[in-house]
Each structure stands twice: as structure tokens, then as C-alpha cells.
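The values are calculated or read from the model by the stated rules, or taken from the named source; none is laboratory data. Because the structure is a prediction, the values reported are computed rather than measured. Don't worry about glycine lacking a Cβ; one is built from the backbone with ideal geometry, like all the others, and counts go over all protein chains shown. These accessible areas exclude ligands, DNA and RNA; they are computed on the full protein's heavy atoms, side chains included. Shrake-Rupley method; radii C 1.70, N 1.55, O 1.52, S 1.80 Å.
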Amino acid sequence: MLLGHTRDASWPAPEPALAEARRFLEDCRGKHVLVVPHPTADGLASGVLMLRALQSLGARPTARLPGKGEDLHSETFLERLGTAPAEALVVLDMGSRWGGPLLPGLPTLVVDRHDRRGANGFPPGVQVLSAHGHEPVANTSVLTYVLMSPFVVPGPLEWLAALGTVAALGPDAPMPFLKDALRRAKRTAVVETVSLLNAATRSHRVATPLAMQVLLRAGSASDILESRVLGVDALRDCRLEVQREVVRCAKTPPRFAGKVALLLFSSETQVHPLVAVRWAQRMPDHVVIAANTGYVPGRVDFTLRSRAPVNLTGLIGSGERATLEETSEEGDVRHVASGSLPPPDFLRMLEGMGFRGLNDRDVERRGVAPG
């Protein structure tokens, strides 16, 4: 069987919810549709699957991706979305933080693994297809693959769902038929493609539009592994850049306040999450803060990581754009939190954690484009 196709009527989402979402897509025939995926490998794979489905239905879809330092809710990104001609909006893998309506009056479908209904959840009027609560919880590309399968010949696109699953959950995730799907898609090619897509997101140039174009041009992960489509060499350059910056920034000597270790550096690449991973492995009894003063002008972007169960949001306090995520890796729980603050607010946050003597010079932007 193909990845995501089971006889379980409630997986990866209940059949009535899938049918309702399919009616939304069918109503998009002949319409201009904005497709907004999260700029990760799982999100990009979901975006390509959705574009293929809408094209097969006769819609006129256009993809839009957040820029550097943006997310779905950034004012600058929403302003750009608002200027695009659209009669419907499809949002993929971006449901972890919602406020009011994105584009008021525009019919909107959200496809996501999260469940954010309620006071702080999805805004009224938004149609939601969620995998939440249906074990094993499917990543967004698998959910999108099942959703769009009646509108296309699904087999040739299965590799995209497998790719998104590996990116979101790892190659050994307990997803039905993943092992067979990876065998068909070539496991080595899928893992390599995920690595390149992740690097495109982290590069100082934020090459996610190029990464999506590469996925659209490719007929398989092997096409990307063997550089048979335009753009792969540029993605390899992005990966080399990110690797070099991780090595450079990970050499930063830490500062300590009790059991909290701070690594403060400046890079135009999004390497602070990767630096946090490295140092958390070295210091498993500490909370590690990797703070990047050079990623976005006027901001300090940071990641907190701990192998111990610590209230990271409590450490962050009321930090703007702070989010908390817990993941399980190799049997151990890693607690991860991230945020982005103006330098004065970031300094106040650090002072509250016990770091003394830091000033404006410590959080100056010194990052230049690597290479």
C-alpha cells in the first residue's frame, strides 16, 4: 500500500473532515488560490503536493513563502499576501500560533498536525483539517498527500510525503508503510534531499523559494541526489555555508549563570538551533541558550535547549514570539524553546536569568554574509 493509505477511517484524520476539506479544494476550480506552506522540508513538500492537486482541479494556485525572520503572522508577510490576487487561501503546517483572521473575508483552509481550536486557536471561519489526536499523528505532508490523492495519480508523488515524514519525524518514524515508501523513494536520496532543503531555510539568503522550485522540477528524490534538476548545486552551496557557520559559532565560549549556559554570537545564517543542539550534548545538566545577534537586523534570535525537564517558557518570561516545543529523540526528551526579541528586551531577559554585566555592545549585529 502507499504511504498514508490505510483502511482506518480515522487516520490520518477522520473521513468526514477529509471529505469537507476536499469540497473546499473542489470549490477552488478556476479560482486564484494562495498556497502558504511552512518553510521547512515538511512544509515545502506539503506545498508542492497541494499545488499539484489544485492544478489538477483547474485552479490557479500561487505559492507564497515567508521571508527571513518572518512567519505566517508577521505584518510584513501579511501585507504581501494582501496585495496578491486571491479568491482562496490554503495554509500548510503553520497552525502552532494563531491570532485573528489572516486575510479577512478570504475562504481559508488550514492543513496541520496541531489542534489550536478555542480561545487562542484558529480564528472563526477558518476550515481546519488536523491530524491531532489520531495516532500516530501524521506530519503535514502525509495529511496533505491523503487529502489530495483522489484528485491526482498519487503513486508518483508518494516520495514527497515520505520526504516530509523523514524531515519532521525521522526515517524510522512509526508511520504506516513508511519503510516501504522509503524503499521505493530511495532512502539515501530522501535523506540527502531533506538535508539540502533544511540548509536552504537556514542559509543567509533564505533560499526556500529555490528549494520549492527544485521540488517542483524533480520527479523523485533521486533526481535531486544526482543533480538532474536545476538549482541543486545552489542548495549544496547553502549547506556548505551553514556547516561552516555552525563550526564557527559553536566555538563561542559559554557564559554561565548557575545551570544556564549562554552562547552569544553573530551570524546571518539561522544556526542558533544547531549550535544549541551541539552544546546541549556537551552539557546535559545545563539549559543552553544559543543567541544570534546577526540573523535579523534589530533582533536577537535565540534557542533554549535542555535535556532535563525545565520550564523554559518560565525562563523566557513574557518574551515576544516565544514558543515551547517538546520532542523525543532517541528515547530522551529534549525541551526546546525559541524566540526573537529586540536587543534591550533580550538583555532584560538575560538579567532576569542571572546574567550580569552585559550591555548593548554584547548584542551588536556583527554578522556578515558567510563566504
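Residues in the stretch 5-16 that are among the small types (Gly, Ala, Ser) and under 24 Å from the mean Cα position of the chain (by Cα): 1 in all. Can you report the number of residues in the stretch 126-148 which are open to solvent by 10 Å² or more (accessible area, probe 1.4 Å) and among the small types (Gly, Ala, Ser)? Going through the stretch 126-148 one residue at a time, the tally reaches 2. Of the helices (runs of 4 or more DSSP H) lying entirely inside the stretch 4-99, those containing at least 3 residues that are exposed (fewer than 14 other Cβ atoms within 10 Å of the Cβ) and either touching a residue at least 60 places away in the same chain (Cβ under 8 Å) or not polar (S, T, N, Q) (or both) span 15-26, 75-83. Restrict the check to the stretch 165-185 and report whether at least one residue is open to solvent by 60 Å² or more (accessible area, probe 1.4 Å), touching a residue at least 24 places away in the same chain (Cβ under 8 Å) and in contact with a Phe, Trp or Tyr (Cβ under 8 Å, 6 or more places away or on another chain). Scanning the stretch 165-185, I find at least one residue that is open to solvent by 60 Å² or more (accessible area, probe 1.4 Å), touching a residue at least 24 places away in the same chain (Cβ under 8 Å) and in contact with a Phe, Trp or Tyr (Cβ under 8 Å, 6 or more places away or on another chain), so the answer is yes.
Consider the stretch 223-250 and keep the residues that are surrounded by 15 or more Cβ atoms within 10 Å (Cβ to Cβ) and among the β-branched types (Val, Ile, Thr). The one that is farthest from Val271 (Cα to Cα) is Val229.
One line per residue, one yes/no per condition, for (1) in contact with a strand residue (DSSP E or B) (Cβ under 8 Å, 6 or more places away or on another chain); (2) modelled with pLDDT of 95 or more; (3) over 18 Å from Arg348 (Cα atoms):
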site: Glu241; (1), (2), (3): no, yes, yes
site: Val246; (1), (2), (3): no, yes, yes
site: Ala290; (1), (2), (3): yes, yes, no
site: Gly298; (1), (2), (3): no, no, no
site: Leu304; (1), (2), (3): yes, no, no
site: Leu315; (1), (2), (3): yes, no, no
site: Ser318; (1), (2), (3): no, no, no
site: Arg321; (1), (2), (3): yes, no, no
site: Leu324; (1), (2), (3): yes, no, yes
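Look at (1) surrounded by fewer than 14 Cβ atoms within 10 Å (Cβ to Cβ); (2) modelled with pLDDT under 90; (3) out of contact with any strand residue (DSSP E or B) (no Cβ under 8 Å at 6 or more places or on another chain) and you find that Pro123 fails only one, number (1).
A count restricted to the stretch 31-74 and to residues that are of a type in the set (D, E, K, R), more than 11 Å from the chain's Cα centre (by Cα) and at pLDDT 95 or above stands at 4.
Out of Asp301, Asp285, one residue alone is open to solvent by 10 Å² or more (accessible area, probe 1.4 Å), of a type outside the set (Lys, Arg) and closer than 22 Å to Gly357 by Cα. It is Asp301.
Scan the stretch 251-281 for residues that are aromatic (Phe, Trp, Tyr) and crowded, with 17+ Cβ neighbours inside 10 Å and the total you get is 2.
Could you tell me which of the residues Asp112, Asp93 is modelled with pLDDT of 90 or more, touching a helix residue (DSSP H, G or I) at 6+ places or on another chain (Cβ under 7 Å) and either within 26 Å of Arg60 (Cβ to Cβ) or among the polar types (S, T, N, Q) (or both)?
Numbers: Asp93 fails: modelled with pLDDT of 90 or more.
Being modelled with pLDDT of 90 or more, touching a helix residue (DSSP H, G or I) at 6+ places or on another chain (Cβ under 7 Å) and either within 26 Å of Arg60 (Cβ to Cβ) or among the polar types (S, T, N, Q) (or both) holds for just one of Asp112, Asp93, which is Asp112.
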